[in-house]
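What follows is a short report on a single structure.
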Amino acid sequence: MKYLAIFDIDGTLGNTVGIDDQIFRSTLSRLFDVELSDNEWENTKLETTATDSGLFKSIYDKYINNSDFHHELIKFKTTFTHYLRFELLHKKNEIKEVTGAKNILNELLKDSDFTVAIATGSWKYAGILKLQAINISPNLNTYSNAELFLDRKQIIQEAINISKKNKKDFKKITYFGDGLWDKLSAESLGINFVGVDSSNNGILKSHNS
């Protein structure tokens, strides 16, 4: 296998950005009475490379900051995942793959020159729920997520590391993502980046992606 293709989930494989943001913010409100403006939410996403762990840590430090971070993290993750599962089931007819995503994945998986991995800013189970909602079964051997990492660069690097277990190196590594943080993370790792403008907001195009 000569090439490694790494995919983000939200906005890249599935149209799940909106529901993910909605549940994350509503869980903050329910549990901690924390309400972020749209502008602050977007700025925090950019600052933290939009990972679940990074977002929660940043918001916790700024607005919650009690003596038991790990207890509050577990409580938040459990509640967030519960509501995410419910909403994905309730809105299953609205949750769809990004156009062509499964075709691309299937073609790459059939090509012996490619290894395919997923590197998502979601926590492990949250990411699996979103993939299942769009009928994609992740290969958990090449699935990297925010369970152990705060920064997206670390998550992508982990996807590279676990993909190299049966291969010393790849001729080319490409990361597919929809956010500016995806582009910046890929660039900082020195790997190729393909932008997916699934929301048609033109942000990546404005940054030459």
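The values are calculated or read from the model by the stated rules, or taken from the named source; none is laboratory data. The model shown is predicted, which means the values in this text are computed figures rather than measured ones. All Cβ positions, glycine included, derive from the backbone under ideal geometry; neighbour counts span all protein chains shown. Keep in mind that these areas ignore ligands, DNA and RNA; they rest on the heavy atoms of the full protein, side chains included. Shrake-Rupley method; radii C 1.70, N 1.55, O 1.52, S 1.80 Å.
Side notes on the structure shown:
- Filter result for the condition that a residue is closer than 25 Å to Phe149 by Cβ, in contact with a Phe, Trp or Tyr (Cβ under 6 Å, 6 or more places away or on another chain) and touching a residue at least 24 places away in the same chain (Cβ under 8 Å), over Thr115, Thr49: Thr49
- Subset tally (residues that are small (Gly, Ala, Ser) and farther than 20 Å from Lys92 by Cβ) for segment 1-26: 1
- Some residue of segment 186-196 being buried (at least 19 other Cβ atoms within 10 Å of the Cβ), of a type in the set (Asp, Glu) and at pLDDT 90 or above: no
- Residue within segment 26-37 that is without any contact (Cβ under 8 Å) to a residue 40 or more places away in the chain and within 17 Å of the chain's Cα centre (by Cα) present: no
- Residues satisfying the stated conditions in segment 112-134, i.e. open to solvent by 20 Å² or more (accessible area, probe 1.4 Å), touching a strand residue (DSSP E or B) at 6+ places or on another chain (Cβ under 8 Å) and assigned to a loop (DSSP other than H, G, I, E, B): Asp113
- Looking across segment 82-95, the residues that are of a type outside the set (D, E, K, R) and touching a residue at least 60 places away in the same chain (Cβ under 8 Å) come down to Tyr83, Leu84, Leu88, Ile95.
- Taking helices (runs of 4 or more DSSP H) as the structural unit, those lying wholly within segment 11-93 and holding at least 2 residues that are exposed (fewer than 14 other Cβ atoms within 10 Å of the Cβ), at pLDDT 95 or above and of a type in the set (A, V, I, L, M, F, W, C) correspond to 69-90.
- Applying a threshold of 9 Å to beta carbon distances and a minimum spacing of six or more residues, or different chains, the list of pairs starting in segment 67-81 at a residue that is within 13 Å of Ala126 (Cβ to Cβ) and touching a residue at least 24 places away in the same chain (Cβ under 8 Å) and ending at one that is in a loop (DSSP other than H, G, I, E, B) and of a type in the set (Phe, Trp, Tyr) reads Lys77/Trp123; Phe80/Trp123; Thr81/Trp123.
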